[in-house]
Amino acid sequence: MQKIHWRQLVLGAEIILLFGVGFLPQFLNITANVTVSFVCALQVQAFRKIKGSIYASIMCIGDIRSGAEAFCRCCVTRNKNDLRKFFSYLGIVLLFGAGACAEKRLSGSLA
């Protein structure tokens, strides 16, 4: 257990739960919804920061705001740390968008 961080255990539990939700029959939609909501709560609680900056891992609105704030602060102060934060937030938002597009493409081709 010394080599496994508690966040890795949380991530493993999330993978197992979400994989299981995929096999639930239609009449258990409420159970699926509760399970996905629980996994989102785990995600928000366990993964709060990246490189010391607070971020939201299941939604990108706050990350867009924080990135814009870091960019504006960088433009005013010329602080390179703020520029790094901006690019970190930009990367998070772009990856979130890429994942959403990939999911849309996959679900569209499977339907």
List every residue pair whose Cβ atoms lie under 8 Å apart, where the two residues are 6 or more positions apart in sequence or sit on different chains, the first residue falls within segment 74-100 and is free of Cβ contacts under 8 Å to residues at least 24 places away in the same chain and open to solvent by 60 Å² or more (accessible area, probe 1.4 Å), and the second residue, located anywhere, is assigned to a helix (DSSP H, G or I) and not basic (Lys, Arg).
Lys80/Cys74; Leu83/Ala70; Leu83/Phe71; Leu83/Cys74; Leu90/Gly67
Of the residues in segment 58-73, those that are modelled with pLDDT of 85 or more and open to solvent by 30 Å² or more (accessible area, probe 1.4 Å) number 7
Any residue that is under 11 Å from the mean Cα position of the chain (by Cα), under 16 Å from Leu95 (Cα atoms) and touching a residue at least 24 places away in the same chain (Cβ under 8 Å) - is there at least one of those in segment 60-70?
yes
Give the residues of segment 37-57 that are open to solvent by 60 Å² or more (accessible area, probe 1.4 Å) and assigned to a loop (DSSP other than H, G, I, E, B), sorted by residue number.
Arg48, Lys51, Gly52
Are there any pairs, at least 6 apart or on different chains, whose C-beta atoms fall under 9 Å, with the first in segment 1-17 and closer than 14 Å to Phe47 by Cβ and open to solvent by less than 80 Å² (accessible area, probe 1.4 Å) and the second at pLDDT 90 or above and among the β-branched types (Val, Ile, Thr), and if so, which?
Ala13/Val39; Glu14/Val39
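The values are calculated or read from the model by the stated rules, or taken from the named source; none is laboratory data. It should be emphasised that the depicted structure is a prediction, and the values quoted were computed from it without experimental measurement. Reconstructed Cβ throughout: ideal geometry from the backbone, glycine too, with neighbour counts over all protein chains shown. Keep in mind that these areas ignore ligands, DNA and RNA; they rest on the heavy atoms of the full protein, side chains included. Shrake-Rupley method; radii C 1.70, N 1.55, O 1.52, S 1.80 Å.
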